[in-house]
1. Calculate for the chain the 222 nm mean residue ellipticity that helices alone would give, adding -39,500 (n - 2.57) per DSSP H run of length 4 or more and normalising by residue count, nearest 500 deg cm²/dmol.
2. Let me spell out the model: positive unit charges on the Cβ of Lys and Arg, negative unit charges on the Cβ of Asp and Glu, origin at the Cα centre of the chain. What dipole size does that give, in debye rounded to 20?
3. Viscosity 0.890 mPa s, temperature 25 °C: what is the translational diffusion coefficient of segment 46-140 from Stokes-Einstein with a Kirkwood Rh over Cα pairs, rounded to a whole number of µm²/s?
4. By average Cβ neighbour count within 10 Å, what is the ranking of 307-315, 248-256, 111-119 from highest down?
5. Using a 1.4 Å probe, what is the accessible area per residue for segment 27-156, in Å²?
6. Considering Cα pairs under 8 angstrom that are at least six residues apart, work out the relative contact order of segment 25-180 and quote it in whole percent.
7. Per residue of segment 279-292, what does 6.51 cos²θ - 1.76 cosθ + 1.60 with θ = phi - 60° give for ³J(HN,Hα)? Whole Hz please, x for Gly and Pro, Karplus curve as stated.
8. Just to confirm, what accessible area per residue do you get for segment 388-486 at 1.4 Å probe, in whole Å²?
Amino acid sequence: MNQARPAVARTTNVPVQRGPAGAEAAPPRHPTATERAARGLAARKVLPPGEHSQLVRPVARSSPVAVLLAQATTRVPDLVPVRHARMVASPFSFFRGAAALMARDLAAAPTTDLTVQLCGDAHLSNFGVFGTPERRLIFDINDFDETLPGPWEWDVKRLAASIAVAGRENGLDDRARRRAVRAAVDRYQQAMARLATMRELDVWYYRVDVDELVEILRKQFSKQRGKQLDRNVAKARRNDSLRAFGKLTEVVDGRRRIKADPPLLVPIGDLLPGVARHRLESEIKGLLTSYSESLLPDRRLLLSKFRFVDMARKVVGVGSVGTRCWIVLLEGRDANDPLFLQVKEAQESVLAPHVPRSEQQGRPTNQGERVVAGQRVMQAASDTFLGWDRATGIDGAQRDFYFRQLRDQKGSAVVETMGPKTLRVYGELCGGTLARAHARSGDAIAIAAYLGDDTAFSKAVADFAEKYADLNERDHAEVVEAVRAGRLPADPAR
């Protein structure tokens, strides 16, 4: 005998509001394009674009030495000297590692209150090329450790300041640096104006294809520079797990193992003895299984076809040095089918203390998920194995991690060798890319209306960038002196 099925309520993606008597209310109304533009114009009156030239120092600005010492308390102790050594190498290296300092400085100034998903560390070296799941090379932002919602101009100012700092290091004069900064900011403004006219789906699917980009750049560069560009792209295409497999591994007693290069790359067998090593390996294997739940079903299936082989602790970047980072070697059908995953600790964003809690409500509490969610929003395409999890270490402490492929056709520009034209062109590329990333989460119409069609904003940010480059040099000098005096440990050999 058939039984009647219970009635099932239909659900939609539209949030339902209820009135005092429980009656359904109309869903929130989307503002019109005219209303969105009016919001940008209103923000422009409150904070005119020309006022972004100001560098407002916090009332009680912590010294850079104090900030570094505070950050060291959450990092691997024997890697802290490596981080400090990398940061004192040059003002630009220091700038790369000093996102926490700049976050405090940016938060001291008035903002437009037009919010986007921020990269949080949008300097020149955090852009690059990588392969999409469809095996196309694209250019995009490639670092999201500090991602969080916040005022769009914070990312723009960090990008602009990085151009000024790099320009000084590369010997560019004042005029050349200012031209490079303004070109990048102008490109952001132009790109945002164009994005404001596009359909939402077109904005979401828009990406910078490297093959098309190369054709455009080749017309701007000399024949020799064009050939170098082709070589760099070809190198990025070869930069995958198979190449990493050949460079980072060796056969020991008939088994494939990751090579040692201490302290930058330390295999688990060298890092921990016997029982502790097996315990950590077991934890990582368990972490791989639980992390796979953050992947889409098809990617979870793909990951299940690989088995654990070896792992090692790896030092990466400048600002990230000292956070826990592992590379894990997996094997598919046989020894010639490798997959390298990077398992990187995610700590609280340096922006978190400066962004209103109301902006962070509903955001992930797992810091790895925060990084992954921000990356998926901002990038045109994300890594196939991008995911997150939380684990308890052998010291009993819980930490959040995110996962991605170690190398997947990745490549980045060498900023420290760029001359005037290359820096300007590369800055323009980064500025346009940043606008595209912001438009995916923010209100492109409001931001474009705020920026307008004049040069007030780019001129003001160029002034700001030079002021911040001055401050960065003073902070760098203070840290160098602290290292010389022994107040900050540094390993000069690394």
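1. Value at 222 nm, helices only: -14500 deg cm²/dmol.
2. 700
3. Stokes-Einstein gives a translational diffusion coefficient of 150 µm²/s.
4. Values: 307-315: 19.1, 248-256: 12.2, 111-119: 21.9.
So the peptides 307-315, 248-256, 111-119, ranked by packing, come out 111-119, 307-315, 248-256.
5. Value returned for segment 27-156: 37 Å² of accessible area per residue.
6. It comes to 21 percent, rounded to a whole number.
7. Taking θ as phi minus 60°, the curve returns 5, 5, 4, 4, 5, 5, 4, x, 5, 4, 5, 6, 4, 4 Hz for segment 279-292.
8. Working: 3600 Å² over 99 residues.
Computed with neighbouring chains in place, this is 36 Å² per residue.
The values are calculated or read from the model by the stated rules, or taken from the named source; none is laboratory data. Note that the structure is a prediction, hence the values are computed from the model and not measured. Glycine also receives a Cβ, built like all others from the backbone with ideal geometry; neighbour counts cover every protein chain displayed. Areas reflect the complete protein model, heavy atoms only, side chains present, ligands, DNA and RNA absent. Shrake-Rupley method; radii C 1.70, N 1.55, O 1.52, S 1.80 Å.
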